[in-house]
1. Given 61, 69, which one is at pLDDT below 85 and in contact with a helix residue (DSSP H, G or I) (Cβ under 7 Å, 6 or more places away or on another chain)?
2. Does the range 43-58 hold any residues that are loosely packed, with under 10 Cβ neighbours inside 10 Å and either assigned to a strand (DSSP E or B) or modelled with pLDDT under 85 (or both), and which are they?
3. Out of all the residues in the range 3-27, which are in a loop (DSSP other than H, G, I, E, B), touching a strand residue (DSSP E or B) at 6+ places or on another chain (Cβ under 7 Å) and closer than 13 Å to residue 74 by Cα?
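The values are calculated or read from the model by the stated rules, or taken from the named source; none is laboratory data. Keep in mind it's a predicted model, so treat the numbers as computed, not measured. Neighbour counts run over all protein chains shown; Cβ positions are idealised from the backbone, glycine included.
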């Protein structure tokens, strides 16, 4: 990935996820606040902030809650794996 980002417009989070999977973003990560890292549950991979860069960011307003949902696209720096 890590090409010049071409920010796209999506109406919904599910529309964004569907398109991003087609573009090659296929791994989900969860924020682990207590460890200050991202965790991939599929293969137990933990990433520190220096292990990735953010390619794109998308925000979506919740329907029942005005709090935003945020989707980050990451480029991983996995040279040692």
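1. Details: 61 fails: in contact with a helix residue (DSSP H, G or I) (Cβ under 7 Å, 6 or more places away or on another chain).
Just one listed residue meets the conditions, 69.
2. If the condition is that a residue be loosely packed, with under 10 Cβ neighbours inside 10 Å and either assigned to a strand (DSSP E or B) or modelled with pLDDT under 85 (or both), then 43, 44 are the ones that fit.
3. Across the range 3-27, the qualifying residues are 5, 25, 27.
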